[in-house]
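First the structure, in the form of structure tokens, and then the observations on it.
No value in this document is a laboratory result; all are computed from the given coordinates. It should be emphasised that the depicted structure is a prediction, and the values quoted were computed from it without experimental measurement. Using ideal geometry, Cβ is built from the backbone for each residue, glycine included, and neighbour counts are taken over all protein chains shown.
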Amino acid sequence: MFLGIFTGYLLNISKVGAIVRNIDDTEQNIQVLLKDSAASDSLGALAFHPKIAAFKKSKALFEKEKNSALLFYQMLSTIFLRLIKMIIAPLVFCILIVGIAKLGDVKQVGRIGGKALGWFVFASLISLFLGMLLVNVFHPGKLIKMEKPAMGAETGIRASAMNAQDFITHIFPENIFDALAKNEILQIVIFAVLFGFALAALKEKGKNLVSALDTAAHVMLKITSYIMYVAPLAVFGAMAAAVAVLGINVLNKFAVYILSFYASLGLLWGVLLFFGFLAVGKRVISLLRHIRQPIILAFSTSSSEAAMPKTIEQLNRFGCPENITGFVLPLGYSFNLDGSMMYMTFASISIGHIYGIDLSFQQQLSMLLMLMVTSKGIAGVPRASLVVITAMLGNFGIPTEGILLFIGIDQILDMGRSATNVVGNAVATVIVSKWEGAFKTESKH
């Protein structure tokens, strides 16, 4: 990780930093021309079109040059993430079916699912409330002294989330092979639950298939251990590419905002681990030791998904039953992204502060509840937090263009969010295991 940071710094000062500055300057010129064009009459606006086209062409060339300079480093992390995504669907599919088939009890599965969802709602509310509370304590938005993005500036983010109907229908797979191919975790869970119940109902006839799927799940975990050998290269590549683009100077402009958010995440970790302590006592320290590698993976690659297979393996070693881990953790990746939830209230209110908009407590509480509902339909979408935030801002009279201020540093913020998501889902799995009386007091090392 540190070698990646150092390499990225060298890349930034030698070449990539200048390219990124050229991209930013070109984009600013485009926005100025678009603004002037909009202010002109229809005949005068035509004069701006060739200039805008020329700047867009220049920007595309700079983007190509940047991608060429970072190709090797991005390739390292991309290959690793593709390998991880390759095994997520079959791993979840096999573990969940085997766990349910061995349980063979609809009531027990329903009870575990109910407890898990209950905890997810509670943890999400805590995360959102802490984000709302701490942004009002730190006021990072009021301390950022930067030119605000032009009204109507293109954010590149589609500001719409699934509505309730779309979300509910999306849960149910139309084609299980399509769901497996696209890593649609919720759809895989639905099919696996039905498959597991049907397999359990066959009793003796289904034993051979249960055994085969159990073996397949362990094969997937073995493949995970092989893939982890290239994890250091992925971490190196991801950090080098990120620092090369962002540079060290970005910390100067946004230091207060970044530090405030990470301090808030630190407090959220403390709250989550406190509940973990209530469940398993001092062994919560051992839990952190077990999931340290998944945390580092999620942090350095900005992807909670990258850490999922290793998290499943480590939680099983820690003492959580395979059937509960295989059921709760995939659900958590759709319903329990604690770091992302905290960022939604933190960023939304910060953007309001930047524009001098102070929402009342009632408005902030309304925002919290709306985020609680709308965020559940967007899980698994790239830059999910930004999509939900953009959709939410307009409802409270906050310019959506404000999200542009934070897109440049979203990589840094997403690293903390992703690592926190891993901690939150690990704690959730341990708590549900403890509630079920299935947690093993002695872990496998």
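Here are some notes:
- Extension gain for Leu259 to Arg111 (0.36 nm times residue separation, less C-alpha to C-alpha distance): 49.3 nm.
- Beyond 19 Å in Cα-Cα separation lie the following of the pairs Lys66/Lys182; Lys107/Lys203; Lys222/Lys310; Lys107/Lys205: Lys66/Lys182; Lys107/Lys205.
- Rough spin-label spacing in nm, given labels placed 7 Å along Cα→Cβ, for Leu278 and Ala18: 5.7 nm
- Computed over region 58-124, the quotient of the alpha carbon radius of gyration and 2.2 N^0.38 Å is 1.97.
- Residue with peak Gaussian network fluctuation, the chain [Cα springs, cutoff 10 Å], from Leu368, Leu130, Leu143: Leu143
- For region 71-80, backbone phi angles converted through the Karplus equation (6.51, -1.76, 1.60; θ = phi - 60°) give residue-by-residue couplings of 3, 4, 6, 5, 5, 4, 6, 5, 4, 4 Hz, Gly and Pro being listed as x.
- Placing a label point 7 Å from the Cα of Ser225 along the Cα-to-Cβ direction, the residues of region 294-316 whose backbone N falls under 18 Å of that point are 294, 308-316.
- The residues Thr215, Thr429, Thr301, when put in order of fewest to most other Cβ atoms within 10 Å, stand as Thr215, Thr301, Thr429.
- Counted by neighbouring Cβ atoms within 10 Å, the residues Val98, Val271 run from fewest to most as Val271, Val98.
- Dipole check for region 238-355: with +1 at the C-beta of Lys and Arg, -1 at the C-beta of Asp and Glu, and the Cα centre as origin, the magnitude is about 340 Debye.
- Neighbour counts of C-beta atoms inside 10 Å place Ser124, Ser334 in the sequence Ser334, Ser124, starting with the fewest.
- Sites Leu267 and Tyr355 - FRET efficiency at Förster radius 41 Å, r taken between beta-carbons, to 0.05: 0.95
- Segment Lys56-Asn175, extension gain: residue separation times 0.36 nm, minus the distance between their alpha carbons: 38.8 nm
- Alpha-carbon Rg with Dmax, taken over region 217-311, Å: 16.4, 48
- The alpha-carbon of Lys51 sits under 15 angstrom from the alpha-carbons of these aspartates and glutamates, leaving out residues fewer than 8 places away in its chain: Asp25, Glu27, Asp36.
- Once exposed loop GluC sites (Glu not before Pro) are cut out (DSSP; at most 10 other Cβ, 10 Å), longest piece of the chain: 175-441
- Option label - Rg and Dmax of the Cα atoms in Å computed here, alternatives [x] 21.7, 70; [y] 23.4, 80; [z] 21.7, 65: [y]
- Mean residue ellipticity, 222 nm, helices only, the chain: the sum of -39500 (n - 2.57) across DSSP H runs of n ≥ 4, divided by residue count and rounded to 500, is -26000 deg cm²/dmol.
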